[in-house]
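The structure appears right after this line, and notes come after that.
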Amino acid sequence: MSGTVHPRVSVSLISAGRWPLAQSLEYLASLGVGAISVTGSQLAAGAEAVSQILASGMQVVSVGTGGLSLIDTPELTLDRLTPVIEAAADLGSPCAFAPSGPTPALMPSDDGFARLIACLPTADAAARERGVRLAIENSSIATRQLGFVHTLADACWLAEEADVGVVVELQNCWYERGLPRLFATHHDRFAIVNVSDFLLGEELKFNRRVPGDGSIPLEWLLAHLLDAGYGGYFDLEYLGPAIEQEGYASAIARGVTWLSERLEGWGV
């Protein structure tokens, strides 16, 4: 890559999903990346993985999990989110997040939202005790089995009702109306913003592209986020056939360059 890495650029280790943790950390350090986000899959080795990440000196901006139901009881929601909360605290990360989890077959979304709002406060209190902000990510309709909160508008409404944060997944909300208004109203709840591209006409599920290679108006979105007052990290997170074909090293380097150049150019 060319140029320096902007300090508000982070990279999700999902973007090098098949690399061992040590290889990902070493490569990102060689690029000059100083911030990462991680998920449970990268922490499968437990204390050893935590030690590796801490030894790297990388700032961990978020720790994520997913796939578990969060709407059964407050106690079960706490049990299911405790590992990601503890991991975030151990890594010095300010954010632990998850998509909303699935709903049972035939359950209306209204019921799912009501149950999630009722179940989150216990886990949120536990996160706050560890100095961690609990957040919910808006997920794709193509992965309904992972979450039922799809639009950013719904994620922001939920966050206000449950008093939690939001992980803004631009891949899953770029097509919504009124995004500048949502950004302006709710940016204080945005824990992190995930950045990737998508090429219209391609398969939707798990199929992302390097920023600038697709159809999403990313520069418009980023500019409105900054104008709204968002002050957090922009996290590069992508996966899919195009990324695998290009190779992680090239795809990550190009994304870091693209995002850093925009932020530098805007004087951020």
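Counting each DSSP H run of 4 or more residues in the chain as -39500 (n - 2.57), what helix-only mean residue ellipticity at 222 nm follows after dividing by all residues, to the nearest 500 deg cm²/dmol?
Counting only the DSSP helices, I get -13500 deg cm²/dmol.
Taking R0 as 51 Å, what's the FRET efficiency between Asp163 and Glu244 from their Cβ-Cβ distance, rounded to 0.05?
Result of the calculation: an efficiency of 0.85.
Going 7 Å from the Cα of Ser51 in the Cα-to-Cβ direction, what parts of region 69-90 have a backbone nitrogen less than 14 Å from that spot?
Taking a point 7 Å out along Cα→Cβ of Ser51, no residue of region 69-90 has its backbone N under 14 Å.
Of the listed peptides 3-10, 101-108, what is their order by residue-averaged count of other C-beta atoms within 10 Å, with the highest listed first?
By packing density, highest mean first, the sequence is 3-10, 101-108.
Between (i) 62, 47, 31; (ii) 60, 44, 42; (iii) 49, 44, 33, which matches Cα extents along the principal axes in Å calculated for the structure shown?
Identified label for the calculated read-out: (iii).
Under a crude label model (7 Å from the Cα following the beta-carbon direction), how far is Gln23 from Tyr175 in nanometres?
3.4 nm
Convert each backbone phi in region 251-263 into a coupling constant with the Karplus relation 6.51 cos²θ - 1.76 cosθ + 1.60 (shift: θ = phi - 60°), then list the ³J(HN,Hα) values in order as whole Hz, x for Gly and Pro.
Calculated HN-Hα couplings, in order: 5, 5, 4, 5, x, 4, 5, 4, 5, 5, 4, 5, 5 Hz.
What is the sum of charges, Lys and Arg at +1 and Asp and Glu at -1, for the other residues whose Cβ falls under 13 Å from the Cβ of Thr82?
The answer is -4.
In the chain, what % of DSSP beta bridges are antiparallel (nearest 5)?
5 percent
May I ask you to derive the FRET efficiency for Ala118 and Ser215 from their Cβ-Cβ distance with R0 = 51 Å, giving the value to the nearest 0.05?
Calculated value: 0.85.
Between region 72-97 and region 9-63, what's the alpha-carbon centroid distance in Å?
If you average the Cα positions of each part, the centres end up 18 Å apart.
Magnitude of the Cβ-charge dipole of the chain, K/R +1 and D/E -1, about the Cα centre, nearest 20 debye?
240 debye
Since every read-out is calculated from the coordinates, none of them should be taken as a lab result. From a predicted model like this one, the values you see are computed outputs, not experimental measurements. A quick note on method: Cβ atoms are made from the backbone with ideal geometry, for glycine too, and the neighbour counts reach across all protein chains shown.
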